[in-house]
Amino acid sequence: MKIVCIGGEHGLAQVLSAIKPLCNNLTAIVATTDNGGRTGRIREAQNCIALGDIRRCCVQLAGEGSIAHSVYEHRFTSGDIEGHSLGNLTLLGLTQVMASPTQAIACFNKLLGNCETVLPMSDIPTDLVAELDNGEKVFGECAIDALNLLPEKVYLSKKVPASPGAVEAILNADLVIIGPGSIITSIMPAFLIDDIALAIQKTSACRVFIENTAQENSVMQYTHSAGIDWLQKKLGAKIYDLSISPPAIMEILQHGNKCNKTGKHLHNIDELNNVFSELLKSSFNAEKHA
């Protein structure tokens with residue numbers, strides 16, 4: 001089964017770690033508009049795509065207990081590179097040496113011993129821009145998250161193409177997993193790229209949206225509707241076929257006799273692995289008896 005995961009932040013890394021044992025054809029498409037923290041400093045200085053979430057996904061695929069995980073997640077404690085992770089700086093160096101960020105990430109993945117594919121949403125830097133009801137424009141993810149009013153529009157500061165391989169992966173996928181993560185800053189960016197948005201509409205894959213377990217600590221907390229509903233309204237298109245809520249996750253785990261948690265933190269790797277295992281079994285059986 002070919003599986004594509006779309007998103008960013010810790011949510012995408014957790015999903016990839018949970019899916020890895022169940023799939024031998026896995027692709028991640030990572031949001032690259034983050035402009036906060038050390039990633040933002042690197043972006044500002046080097047005019048590059050955001051590397052933090054890409055590093056997190058690649059290193060997570062290598063395994064939490066691996067030496068590579070410890071090494072590339074290491075953050076320096078002094079000097080000009082204080083706070084920066086070795087993984088981010090390695091990716092930056094590879095990006096400057098290779099022909100494109102996509103090739104640099106492939107090289108980094110190879111260094112880590114990963115067989116999975118990790119793609120940036122685009123090789124070209126761009127940022128999120130929000131427009132409020134009064135026409136005011138707000139630039140960058142950090143400023144957008146700090147709003148106390150949901151924006152009327154969200155778009156990219158510069159139109160960019162999808163990274164090589166991203167559209168093909170979506171069109172050829174059997175399953176597309178979206179989320180969990182921040183609706184505007186983690187999930188929305190990739191869908192603001194025309195090529196990716198069109199591929200999501202054309203794909204015959206089952207598109208699964210994983211809901212967040214808790215209310216976002218962002219401007220999204222000011223919506224009374226589900227985050228995915230708000231997102232689809234702004235995109236003007238439906239992007240999922242199945243939405244998995246926290247109660248649904250618990251039901252799946254109970255059905256598979258694998259529910260041994262309290263339900264407070266459902267998006268941990270072990271439970272996600274159990275959920276995806278049950279879902280893939282159901283999909284296989286449905287295809288077998290179709």
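Couple of notes before you dig in:
- Nearest-10 value in Å² for the accessible area of residue 136, using the 1.4 Å probe: 100 Å²
- Extension gain from residue 64 to residue 158, taking 0.36 nm per residue of separation minus the Cα-Cα distance: 30.3 nm
- Remark: segment 177-192, residue by residue, has Karplus-estimated 3J(HN,Hα) of 10, 10, x, x, x, 5, 4, 7, 9, 10, 9, 5, x, 4, 7, 8 Hz, where x stands for each Gly or Pro and the curve is 6.51 cos²θ - 1.76 cosθ + 1.60 at θ = phi - 60°.
- Cα pair distances exceeding 22 angstrom across segment 63-173, given as percent: 54 percent
- The P(r) of the chain has a tail past 30 Å containing 29 percent of all C-alpha pairs.
- Exposure rank, largest accessible area first [272, 92; 1.4 Å]: 92, 272
- Computed from backbone phi with θ = phi - 60° and the Karplus coefficients 6.51, -1.76 and 1.60, the 3J(HN,Hα) list for segment 230-240 is 4, 4, 5, 4, 6, 6, x, 7, 7, 10, 9 Hz; x is used for glycine and proline.
- Checking the Cα-Cα distances for 137/233; 2/153; 2/110; 137/159; 153/238 against a 26 Å cut-off, the pairs over it are 2/153.
- Amide H contacts under 5 Å for residue 177: 4, 5, 6, 208, restricted to partners 5 or more places along the chain or on a different chain, H placed in the peptide plane at 1.01 Å from N.
- Sorting 56, 75, 43 on solvent-accessible area from highest to lowest, probe radius 1.4 Å, gives 75, 56, 43.
- Net charge over other residues, Cβ less than 13 angstrom from the Cβ of residue 153 (K, R count +1; D, E count -1): -1
- Kirkwood estimate for segment 127-170, i.e. one over the average of 1/r between Cα atoms, Å: 11.8 Å
- Charge tally around residue 182: other residues with Cβ under 9 Å, Lys/Arg +1 each, Asp/Glu -1 each, net -4.
- Kirkwood-type hydrodynamic radius, segment 133-225: 14.8 Å, calculated from all non-identical alpha-carbon pairs.
- Most fluctuating residue given options 78, 157, 66, as computed from a GNM of the chain linking Cα atoms under 10 Å: 78
- Cα centroid of segment 42-93 to Cα centroid of segment 134-211, whole Å: 23 Å
- Top of 21, 189, 125 by mean-square fluctuation, Gaussian network on the chain, Cα under 10 Å: 21
- Shape category assigned to segment 1-138 from the gyration tensor of Cα positions, a/c cut at 1.5: oblate
- Highest-fluctuation residue, 54, 193, 178 considered, GNM on the chain with Cα pairs under 10 Å: 193
- Area of residue 72 that stays accessible when all protein chains are in place (1.4 Å probe, Å², to 10): 40 Å²
- In this structure residue 2 has an accessible area near 90 Å², from a 1.4 Å probe over the protein heavy atoms.
- Computed about the Cα centre, the dipole magnitude for segment 61-195 is approximately 280 debye when only Lys and Arg (+1) and Asp and Glu (-1) carry charge, each at its Cβ.
- Relative contact order of the chain, pairs being alpha-carbon contacts under 8 Å that are 6 or more residues apart, as %: 20 percent
- Going by accessible surface with a 1.4 Å probe and the largest first, 84, 74 read 74, 84.
- Antiparallel DSSP beta bridges within the chain, percent to nearest 5: 30 percent
- Inter-label distance, residue 103 to residue 201: 3.3 nm, where each label sits 7 Å from its Cα along the C-beta direction.
- Here the gap between residue 214 and residue 238, fully extended at 0.36 nm per residue and compared with their Cα-Cα distance, gives a gain of 6.4 nm.
- Solvent-accessible area, 1.4 Å probe, carbon plus sulfur percent, for segment 70-149: 56 percent
- Placing +1 on the Cβ of every Lys and Arg and -1 on the Cβ of every Asp and Glu, with nothing else charged, gives the chain a dipole about its Cα centre of roughly 460 debye.
- Checking every one of the GluC sites (Glu not before Pro) in segment 36-130 against DSSP loop status and a limit of 12 other Cβ atoms within 10 Å picks out 64, 82.
The values are calculated or read from the model by the stated rules, or taken from the named source; none is laboratory data. Keep in mind the model is a prediction, meaning the values are calculated, not measured. Neighbour counts run over all protein chains shown; Cβ positions are idealised from the backbone, glycine included. All accessible areas refer to the heavy atoms of the entire protein, side chains included, with ligands and DNA or RNA removed. Shrake-Rupley method; radii C 1.70, N 1.55, O 1.52, S 1.80 Å.
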